[in-house]
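In what follows, a single structure is set out as C-alpha cells and then discussed.
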Amino acid sequence: MKRMIPLFLLLLVASCENSDPIVSVNDGAISSGQNIIHEVFAESDNYTLKKVTYADGQLLFDVSFSGGCKEHSFDLVVEDDILKTMPPGLRVFLKHESNDDMCEAWISEIVSVNVDDLINKVSWLQGREQFSVFVVSPENEDVIATRLIINKN
C-alpha cells in the first residue's frame with residue numbers, strides 16, 4: 001500500500017505536467033456587434049487582467065488564469081457603438097476559453113491582439129487623430145478596467 005501512494009502521486013502530477021499551455025488568439029477573431037459584450041460575458045471563463053497596453057497596432061493583455069493541461073484561447077469582442085467620449089472610442093472585452101482545463105497551475109501570459117485595422121477604420125470615421133479603447137473588466141461587465149488613448153499614426 002505504501003508503494004501505491006507515491007505511484008498515485010506521480011500519475012497525478014504527470015497528468016498536469018504541462019506548465020506551459022498553448023495560449024492562442026484566433027487570427028481575425030475580433031467579434032463585433034451591438035451589445036455583444038453582454039451576450040458573451042457569461043460565456044467567458046475566469047481570468048485576471050493585470051494590465052493592458054497598446055504598442056505597434058497590438059493590444060497587449062497581461063492576464064493570469066488557472067490551468068496547465070489544455071490549450072486556452074482568447075478572442076477580442078468589440079461593441080459596434082462608438083462612444084461619444086473625447087476622444088471617441090469603443091468598449092472591448094477579452095473572452096477566455098479554457099476548454100474545461102481542470103488543472104490548477106497559475107499561468108501568466110501576454111495575449112496580443114492586432115487591432116490596427118479596427119482602430120484605423122473607427123478613427124477615420126470620426127475624423128480624429130486619437131481614439132479611446134475601454135477594456136471591460138473580466139470580473140464585472142459594467143466596470144471599465146482600463147481606458148487607453150491611442151494616437152493614430
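Every read-out reported here was derived from the displayed coordinates using simple, explicitly stated rules and does not represent laboratory data. Values in this document were obtained by computation on a predicted structure and should not be read as measured data. As a convention, Cβ positions derive from the backbone with ideal geometry for all residues, glycine included, and neighbour counts pool all protein chains shown.
Overview of values
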| item | result |
| --- | --- |
| Two-site FRET efficiency, S108 against Y54, from Cβ-Cβ distance with R₀ of 22 Å, rounded to 0.05 | 0.65 |
| Dipole moment magnitude, nearest 20 debye, segment 30-151 about Cα centre, only Lys, Arg, Asp, Glu C-beta charged | 600 debye |
| In Hz, Karplus ³J(HN,Hα) per residue of segment 60-67 (6.51, -1.76, 1.60; θ = phi - 60°; x = Gly, Pro) | 10, 9, 8, 10, 9, 7, 8, x |
| Rg/Rg_globular for segment 65-145, with Rg_globular taken as 2.2 N^0.38 Å and Rg from C-alpha atoms | 1.33 |
| N46/K84 FRET efficiency (R0 35 Å; Cβ-Cβ; nearest 0.05) | 0.65 |
| Order of D75, D100, D80 under a 10 Å beta carbon neighbour criterion, fewest first | D100, D80, D75 |
| DSSP-loop trypsin sites (Lys or Arg not before Pro) across segment 59-138, with at most 13 other Cβ within 10 angstrom | K84 |
| Karplus 3J(HN,Hα) series, Hz, for segment 97-104 with 6.51 cos²θ - 1.76 cosθ + 1.60 (x for Gly, Pro) | 10, 8, 6, 6, 6, 9, 5, 10 |
